[in-house]
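Worksheet for the structure shown next.
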Amino acid sequence: MLLKVPEQGTLADVAAHRLAHSIVTGELAQGQKLNEAELAESFGMGRGPLREALRHLEGMRLVKRIPNVGARVVVLDRKTLSDLYAVREALEGMACRIAAVQMTDDEIAQLSALLDSHEEQIKQDGGKVYSQSEGDLDFHYQIVRGSRNEMLMHLLGSEQYQLLRMCRYRTSRNAQRTRPALLQHRQIVDALAHRDGELAELLMRRHIQGAWRSISEMIDKEEEAA
């Protein structure tokens, strides 16, 4: 589910956006208890709108409410992530194959231009970070939208989307993956431009497999350190 900054949203909308951003970027750590009183004071609002925002994030699976404990940030363990990336590989690969037929030449050109802006951002960060904003600035989201398949857009753009952004934000800080990820994105665009759906799907699947290996290695290091 895309969660853009509300222009004329309610207090609950504003709180939901701020909380989601904090969770995705790791400002609020996985498993961290969410104190309603502290958050309400921090956001300058009553606890009613804040509770509504937390319910919204529960629906997005970013927050989990535990009986007699309260709300906590979701914990993405290895099994959850493995399942998530397996589904992502299959669905985004399919979206890529369909997009090779459905996307217009202009849309593919815009996708290429988007990667130019990503490359510039990587340079500004010294080649150490490759993070993407959501929606129109998100390479993967643009391809899913380009498939024009309503079912895929729902499956990949609803509750899974923010969970995937959490994972991708973590790997975006892996300097060893920054340049390869951008190159892989460009190879996918090239396959789309040549209307080679089979190759586009294969490249996307390999790209996501690489992302999962990166996440898995990070988990291994964290477990060793613990």
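What to note about this one:
- Converting phi to 3J(HN,Hα) with the Karplus coefficients 6.51, -1.76 and 1.60 and the offset θ = phi - 60°, region 217-225 yields 5, 5, 5, 4, 5, 5, 5, 5, 5 Hz in sequence order, with x at every glycine or proline.
- The chain, accessible area per residue, ligands and nucleic acids excluded (1.4 Å, Å²): 52
- Between helix 47-59 and the chain there is an angle of about 40 degrees, using the helix long axis and the longest principal axis of the Cα atoms.
- Going by accessible surface with a 1.4 Å probe and the largest first, Val24, Val101, Val14 read Val101, Val14, Val24.
- Note on region 169-225: semi-axes of the ellipsoid equivalent to its C-alpha gyration tensor, largest first and rounded to whole Å, are 27, 11, 6.
- For region 58-128, the Kirkwood radius over C-alpha pairs fed into Stokes-Einstein at 10 °C and 1.306 mPa s yields D = 99 µm² per second.
- Radius ratio Rg over Rh of the chain, counting only Cα atoms, Kirkwood formula for Rh: 0.99
- When only Cα pairs below 8 angstrom with a gap of at least 6 residues are kept, region 26-132 shows a relative contact order of 21 percent.
- Cut-off under 5 Å, modelled amide H: who pairs with Val63 long-range: Glu58, Val74
- Size of charge dipole - the chain - debye, nearest 20, with Cβ of Lys, Arg +1 and Asp, Glu -1, no other charges: 580
- Considering every alpha-carbon pair of region 1-126, the percent of pairs per 5 Å bin, from zero through the bin containing the longest distance, is 2, 9, 13, 15, 15, 13, 15, 10, 5, 2, 0.
The values are calculated or read from the model by the stated rules, or taken from the named source; none is laboratory data. Please read all numbers here as calculations on a predicted model, not as lab measurements. Counting neighbours? That spans all protein chains shown, and the Cβs are built from the backbone with ideal geometry, glycine included. Note: areas computed on protein heavy atoms with side chains; ligands, DNA, RNA excluded. Shrake-Rupley method; radii C 1.70, N 1.55, O 1.52, S 1.80 Å.
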